[in-house]
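Asks: Have a look at this one before I ask anything.
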Amino acid sequence: MPHQTIADLLLARAGDDHPGLLTRERSWTWDEVVGESAARASWAGELRAEGPFHIGVLLDNVPEYVFWLGAAALAGAAVVGINPTRRGVELEREVRHTECQLIVTDRAGVDLLHGLDVGVDRDRFLVVDEPEYTSRLAGRPRRPVRSGDVTAATRMLLLLTSGTTGTSKAAICSQGRLAALGAANSAKYDITREDTCYCPMPLFHGNALMALWAPALAAGATIALTRTFSASGFLPDVRHFEATYFTYVGKAIGYILARPESDDDADNRLTHAFGTEASPEDAARFLRRFGCLLVEGYGSSEGGGMLKRAPDAPVGALGVPARDGVRIVHPTTRETCPPAVLDSYGRVRNPEEAIGEIVDTEGAARFEGYYNNEAADAERVRHGWYWTGDLGYVDEAGYFYFAGRSGDWIRVDGENISALLTERILRRHPRVVAAGVFGVPDPRSGDQVMAALEVAEGTRFEDLDLPGFLAGQQDLGTKGAPRFVRVSHALPTTGSNKLRKKEMQLDGWRTDDAVYRWAGRGRPAYALMTDEDKAALRGEFLANGRGRFLP
């Protein structure tokens, strides 16, 4: 019989001497991983208090993160993966919302949380790089024991995600659902005991947990950790660990491909990888250069398995429905949208008819909900259907395609960024009269953040010192700064003086107003876009097969 819980999967690894976890510094067998998890489960059990048994983890991809995932499973706790790219009030609100009893972090995490009222006393922070942490773990039993109240319905994860309600959302994932995903995805992505699964994506993200950690645990494969993603460190890591599989988001693939090419790039053991939002052109380049097949999929923290792979699907297609209830409908009428008519670039010629929201008419029962957020639950389940919040279309042959996300959120590097938060931050600037923030397509994958600023007559862009202003905003996450900035003395408005954000989004950088672009990394540095710059950017879209996404 298949294992029903993550705790079951861990107990099955007790006594297993196959390598379970690798870092640059050392390795652990699966038996040792389970033992380390058991020691932390014992500690967590002693510290358990009344109320929801939630443990916040604010760490890079270090072994302690993996050990606490195992500890939570054995102890019957839920791990709250705290996103270190959040800042200020947003970070405070997310942690408080999840009602953590403990926070496992390091000194850097303590600094990040300093001054915030997260609802957890400092003496309930378990700081992994302080001497007291090691001393309190010493001597604890390494023999795994599952808590007696662990069932398939026990919460395993609270995955902080974002949606159109504008409030913190923590998607619930039970031990049963995660164990089932581990078994299903190990088969779907052909992860076997002989694989070494390299994890460059953050462990607070569903990508790493559902498509790598849980499948590797189910298969008894080896997990190789790197603290954070590095484009320059990717190939050295892959070679060092002799990795065969990894997970990704599209922007990471773009960063890797932007590295200088070498004749020996294919000298590695990679065979395949799973992720989202890599362009077909980047996938082809990655296969040619590194000998590794990128397998694109569609899913979310809230649910998965709506679409299945189709080997003969056209380039750019996500696949076909996994069951009859998956369809694309008009969000108001709930009528199924007609097939899309595509031009030679693959752009939809009848978008008003063909593009709708991806729904699962049978998916409401599978959705486990959001923690303590009835408004967000109602956003996802309406009329007995599960609404993804994602837009899509279907071609005449029945293949599904992704067409963006509804609501006021921007998908950057595989994460949802709040347009509203960045908008509010920009409105603080004393020289900004009005600000609108929205997503525009990235020439490789996903979206980029664009802002439209209205300033008074006589104010120049240089007068704003936008890089300096943004650097001083403590609650601006690392991915929230705008890549494009439109500057105007009179932005378009409605009759009620609301900014016409949809209109500006459709214009993108192709407007008569001045547009400044930040194309690099690190501290923002903006340059005025010329007509030649805009033509070159258009060329990037066409070269990457993304002409259909142009504003």
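The values are calculated or read from the model by the stated rules, or taken from the named source; none is laboratory data. Owing to the predicted nature of the structure, the values given are computational and were not obtained by experimental measurement. So basically every Cβ, Gly included, is an ideal-geometry build from the backbone, and we count neighbours across all protein chains shown.
Asks: Just to be sure before I move on: is Asp16 touching a strand residue (DSSP E or B) at 6+ places or on another chain (Cβ under 7 Å), surrounded by fewer than 23 Cβ atoms within 10 Å (Cβ to Cβ) and at pLDDT 95 or above in the structure I sent? Show your work before the answer.
Replies: Numbers: touching a strand residue (DSSP E or B) at 6+ places or on another chain (Cβ under 7 Å): yes; surrounded by fewer than 23 Cβ atoms within 10 Å (Cβ to Cβ): yes; at pLDDT 95 or above: yes.
Answer is yes for this residue.
Asks: Among the residues of the range 66-86, write down those that are more than 17 Å from the chain's Cα centre (by Cα) and farther than 18 Å from Tyr370 by Cα.
Replies: Correct list: Val66, Phe67, Trp68, Leu69, Gly70, Ala71, Ala72, Ala73, Leu74, Ala75, Gly76.
Asks: Restricting to the range 96-112, what's the tally of residues that are touching a Lys or Arg at 6+ places or on another chain (Cβ under 9 Å) and either buried (at least 22 other Cβ atoms within 10 Å of the Cβ) or of a type in the set (Lys, Arg) (or both)?
Replies: The total comes to 4.
Asks: Here's a check for you: in the range 233-261, which residue that is hydroxyl-bearing (Ser, Thr, Tyr) and modelled with pLDDT under 95 is nearest to Gly414 (Cα to Cα)?
Replies: By that ranking, first place goes to Tyr248.
Asks: While we're looking at this one, here's another question. Hey, can you tell me all the residues within the range 27-51 that are touching a residue at least 60 places away in the same chain (Cβ under 8 Å) and under 20 Å from Asp123 (Cβ atoms)?
Replies: Within the range 27-51, Arg40, Ser42, Trp43, Gly45, Leu47 meet the criteria.
Asks: A follow-up question, please. Inside the range 10-57, can you point out the residues that are part of a helix (DSSP H, G or I), under 30 Å from Asn372 (Cα atoms) and more than 29 Å from the chain's Cα centre (by Cα)?
Replies: The answer is Ser42, Trp43, Gly45, Glu46, Leu47.
Asks: If I filter the range 73-124 down to residues being acidic (Asp, Glu) and free of Cβ contacts under 8 Å to residues at least 60 places away in the same chain, which single residue comes out as nearest to Asp475 (Cα to Cα)? Lay out the reasoning, then the answer.
Replies: Residues of the range 73-124 that are acidic (Asp, Glu), as a first pass: 90, 92, 94, 99, 106, 111, 117, 121, 123.
After this cut, where a residue has to be free of Cβ contacts under 8 Å to residues at least 60 places away in the same chain as well, the list is 92, 106, 111, 117, 121, 123.
Working: Glu92: 10, Asp106: 20, Asp111: 14, Asp117: 14, Asp121: 22, Asp123: 25 Å.
Per the stated criteria, the residue is Glu92.
Asks: Still on this structure, I have one more. Give the residues of the range 332-350 that are surrounded by 14 or more Cβ atoms within 10 Å (Cβ to Cβ), out of contact with any Leu (no Cβ under 9 Å at 6 or more places or on another chain) and at pLDDT below 90, sorted by residue number.
Replies: Selection gives Leu342, Gly346, Asn350.
Asks: Let me ask something additional. Which of the residues belonging to the range 23-42 are surrounded by fewer than 20 Cβ atoms within 10 Å (Cβ to Cβ) and over 14 Å from Arg143 (Cβ atoms)?
Replies: Thr23, Arg24, Glu25, Arg26, Ser27, Thr29
Asks: What is the one condition in (1) part of a loop (DSSP other than H, G, I, E, B); (2) more than 27 Å from Ser230 (Cβ to Cβ) that Asp60 does not satisfy?
Replies: The failed condition is (2).
Asks: Being loosely packed, with under 14 Cβ neighbours inside 10 Å, basic (Lys, Arg) and within 22 Å of Arg86 (Cβ to Cβ) narrows it down to one of Arg460, Arg521, so name that one. Give the derivation first.
Replies: On the way: Arg460 fails: within 22 Å of Arg86 (Cβ to Cβ).
So the residue among Arg460, Arg521 that is loosely packed, with under 14 Cβ neighbours inside 10 Å, basic (Lys, Arg) and within 22 Å of Arg86 (Cβ to Cβ) is Arg521.
Asks: Residues in the range 471-490 that are assigned to a loop (DSSP other than H, G, I, E, B), aliphatic (A, V, I, L, M) and modelled with pLDDT of 85 or more: how many?
Replies: Result for the range 471-490: 2.
Asks: Take the range 491-518 and flag every residue that is surrounded by 13 or more Cβ atoms within 10 Å (Cβ to Cβ) and either among the hydroxyl-bearing types (Ser, Thr, Tyr) or in a loop (DSSP other than H, G, I, E, B) (or both).
Replies: Within the range 491-518, Leu491, Pro492, Thr493, Arg500, Gly508, Trp509, Arg510, Thr511, Asp513, Tyr516, Trp518 meet the criteria.
Asks: Moving on to the next point. Is there a residue being free of Cβ contacts under 8 Å to residues at least 12 places away in the same chain and either among the hydroxyl-bearing types (Ser, Thr, Tyr) or not in a helix (DSSP H, G or I) (or both) anywhere in the range 531-550?
Replies: No, there is no match, as no residue in the range 531-550 is free of Cβ contacts under 8 Å to residues at least 12 places away in the same chain and either among the hydroxyl-bearing types (Ser, Thr, Tyr) or not in a helix (DSSP H, G or I) (or both).
Asks: Can you tell me which residues in the range 389-426 are hydrophobic (A, V, I, L, M, F, W, C), at pLDDT 85 or above and surrounded by fewer than 19 Cβ atoms within 10 Å (Cβ to Cβ)?
Replies: First pass over the range 389-426, keeping only residues hydrophobic (A, V, I, L, M, F, W, C): 391, 394, 397, 400, 402-403, 409-410, 412, 417, 419-421, 425-426.
If we keep only those that are at pLDDT 85 or above as well, we get 394, 397, 400, 425-426.
Matches in the range 389-426: Ala397 only.
Asks: Step by step: first the residues of the range 148-163, then only those that are of a type in the set (S, T, N, Q) and surrounded by 18 or more Cβ atoms within 10 Å (Cβ to Cβ), then the one that is modelled with the lowest pLDDT. Which residue is that?
Replies: Ser162
Asks: Moving on to the next point. If you scan the range 262-278, which residues turn out to be modelled with pLDDT under 95 and either of a type in the set (Val, Ile, Thr) or more than 30 Å from Arg366 (Cα to Cα) (or both)?
Replies: Thr276, the sole residue that qualifies.
The rows are residues; the columns are (1) without any contact (Cβ under 8 Å) to a residue 24 or more places away in the chain; (2) more than 30 Å from His114 (Cα to Cα).
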| site | (1), (2) |
| --- | --- |
| Glu454 | no, yes |
| Phe461 | no, yes |
| Asp465 | yes, no |
| Ala471 | no, no |
| Arg486 | no, yes |
| His489 | no, yes |
| Lys498 | yes, yes |
